[in-house]
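Written below as structure tokens is the structure these notes are about.
Here, each number is a calculation from the coordinates, and none is a lab measurement. No experiment lies behind these values; they were computed from the predicted model shown. Methodologically, a virtual Cβ is constructed for each residue, glycine included, from the backbone with ideal geometry; neighbour enumeration extends over all protein chains shown.
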Amino acid sequence: MIKKETVIINQLSEDRAELVSYCRFMNNKGVGWEKIHKEKSKGLDSLASGKHVLVINDTTEINYEAHRSYLSTNDKDLGPVGNNIDIGFFCHPGLVVDASNGVALGFSYLKLWNRLWDKESKNARNYKNQEIEEKESFRWIECGQKSKEILKSAKQITIVADRESDIYEEFYSVPDERTNVIIRSRGDRKLADTDKTLYETISAKAVQETYQLHICKTGKRKARDTEIEVKYGKALLRKPKNRKISSDIPDSREVHWVEAKEKPEFVPVGEEAIHWVLLTTHKVDNLIDAFQIISWYKLRWQIELLFSTMKSKGINAEASELEQGKALKAMCSLALHVSLKINQLRQLRNDTTGISAEITFTKKQIALLKILTKQYERKTEKQNNPYQYATIAWAAWTIARLGGWKGYVCESPPGNKTFKWGLDRFYSMYEGFELNKKMCA
């Protein structure tokens, strides 16, 4: 999948025999997305051992409407996605990131699920009176709970999530002596110790610091230099009374909050200002703490980048022409882990902390990389691989050279396409490398 940069079975296969083999593998009753995820995540706890790690989780839809003619609405593994019309399923991973340097290590959680075509509306289901465990939104809480089980050796865990994860129960169900949460507020909340709401309390507080920020161009924003105002404080959240919540959960929960808000004079006409209200169980007693919470939350972009690599700007997971939902989910699980490999190379291309290349490559593949590195190195220091042997940055340098990058610091750094081209060449060489060893033996 890495080599061919696609999930389309016809493009992955060299001949019909290989095509049939791929299809049988994906449809095998013993091969499900859960087993693939479990196998690919082995060793994650070792990588996280003794570290403070962030578990960044979010949801994306996998939309197969373009291939609807291949699929059946009777397939129990497929259903309506975001617009309630298109066919597909949903993907919710927990991406583990080293809090000290922002390095993505793997996945502590993965949930793939689909809705039913005849699912009743929220009103018909009396949604507000359902237990949280019965709702789709329970995935946010489950991600934190399951991640704690997987990351047993981590020194500290912080669950990071966007607005959809702003669920009262999560502030009680997930945090413990080594686990905290950072959740972006979805909406105003009533407080237990004052008549003011959370947002009224924040609004009444004076700005405590301002910092400058350069915003890069995105599909939603223009590139600009701006200023962000920062506030922080504490609040005692009141247990919501408009829906069913277990009586075991207390009536209030103290959290710390951090607000990061763009000054309006810097916001272009037609764009929304940056405005985050972050709720956390971490203590925020000063500006250093506040900036740390903002810094950790900003690493959420990594999961957005992962989804982009998995879909439109990388593996193209939604282009698969498999005809069974079970097989499509298995392919999605593989595509997610492949996309992580591509992102790791790009993210760690300049890493100097000594992270091992074994998070991406096998020992045999590292042996081939060593041979290839020597071929690309030249007499001058500027043309030599500057990184420590067998680190991921050392491997990324060689893969980028295979992808066409010239190795000079003055050049633009290698990106996704360069690493994909480099991986394509590398895996072709590795096949020959292994074949040669078998022939010589």
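Overview of values
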read-out: Descending Cα extents along the principal axes, the range 357-440, whole Å; value: 42, 27, 22
read-out: Alpha carbon Rg of the range 174-251, scaled by the compact-globule rule 2.2 N^0.38 Å; value: 1.50
read-out: In Å, descending, principal axis extents of the Cα set of the range 31-142; value: 47, 38, 23
read-out: Helix axis angle, 363-376 relative to the chain longest principal axis, alpha carbon, degrees; value: 70
read-out: Karplus-derived HN-Hα couplings along the range 266-275 (A = 6.51, B = -1.76, C = 1.60, θ = phi - 60°), whole Hz, x at Gly and Pro; value: 9, 8, x, 4, x, 10, 8, 6, 5, 8
read-out: Amide H partners (placed H, <5 Å) of Val103, local residues excluded; value: Asp98
read-out: Bins of 10 Å from zero: percent of alpha-carbon pairs in the chain; value: 4, 18, 26, 27, 17, 7, 2, 0, 0
read-out: Nearest 10 degrees, 0 to 90: helix 287-298 Cα axis against the chain principal axis; value: 50
read-out: GNM result for the chain, Cα springs below 10 Å: residue of Asn385, Asn343, Asn129 fluctuating most strongly; value: Asn129
read-out: Net charge over other residues, Cβ less than 12 angstrom from the Cβ of Leu305 (K, R count +1; D, E count -1); value: +2
read-out: Note, ³J(HN,Hα) from phi for the range 48-55, Karplus 6.51, -1.76, 1.60, rounded to Hz, x at Gly and Pro; value: 8, 4, x, 10, 8, 10, 9, 10
read-out: Diffusion coefficient, µm² s⁻¹, Stokes-Einstein with Kirkwood Rh over alpha-carbon pairs of the range 60-209 at 20 °C and 1.002 mPa s; value: 117
read-out: Chain lengthening between Glu133 and Glu323 when straightened (0.36 nm per residue, less Cα-Cα); value: 65.3 nm
read-out: Cα→Cβ-extended label distance, 7 Å offset, between Gln208 and Asn350, nm; value: 3.1
read-out: Distribution of pairwise C-alpha distances over the range 138-184, 10 Å bins, in %; value: 28, 60, 12
read-out: Taking Val207, Val181, Val230 and counting other C-beta atoms within 10 Å, the order from fewest to most; value: Val207, Val230, Val181
read-out: Where labels lie 7 Å past Cα in the beta-carbon direction, separation of Ser100 and Thr73 in nm; value: 5.4
read-out: Percentage relative contact order, the range 357-440, counting C-alpha pairs under 8 Å, at least six apart; value: 26
read-out: Cβ charges +1 (Lys, Arg) and -1 (Asp, Glu), total dipole of the range 294-441, debye; value: 300
read-out: Separation between Cα centres of the range 161-204 and the range 69-86, rounded to whole Å; value: 35
read-out: Relative exposure of Ser339, Ser246, judged by other C-beta atoms within 10 Å (fewest first); value: Ser246, Ser339
read-out: Gaussian network model of the chain, springs between alpha carbon atoms under 10 Å - residue of Arg253, Arg243, Arg349 with greatest fluctuation; value: Arg243
read-out: Taking the chain and dividing mean pair separation by its residue count, relative contact order in percent (alpha carbons under 8 Å, at least six apart); value: 17
read-out: On Cα atoms only, tilt of 416-440 relative to the major axis of the chain in degrees; value: 40
read-out: Selection from His282, Gly50, Thr373, by position along the positive dipole direction of the chain (Cβ); value: Thr373
read-out: Dipole moment magnitude, nearest 20 debye, the chain about Cα centre, only Lys, Arg, Asp, Glu C-beta charged; value: 1100
read-out: For the range 289-364 versus the range 377-401, the gap between their alpha-carbon centres in whole angstrom; value: 23
read-out: Positive dipole terminus of the range 129-273, leading residue within Gln212, Ile245, Leu151 (C-beta point charges); value: Gln212
read-out: Whole-Hz ³J(HN,Hα) from phi, Karplus 6.51 cos²θ - 1.76 cosθ + 1.60, for the range 245-259, glycine and proline x; value: 9, 3, 5, 6, 8, x, 7, 8, 8, 7, 9, 9, 10, 9, 10
read-out: Gaussian network model of the chain, Cα within-10 Å springs - most flexible of Thr281, Thr309, Thr380; value: Thr380
read-out: Gained length - Arg178 relative to Lys220, 0.36 nm times residue gap less alpha-carbon distance; value: 11.5 nm
read-out: Extended-chain gain in nm, criterion 0.36 nm per residue less alpha-carbon gap, Glu65 and Asp86; value: 7.0 nm
read-out: Selection from Gly82, Ser72, Ser185, by position along the positive dipole direction of the chain (Cβ); value: Ser72
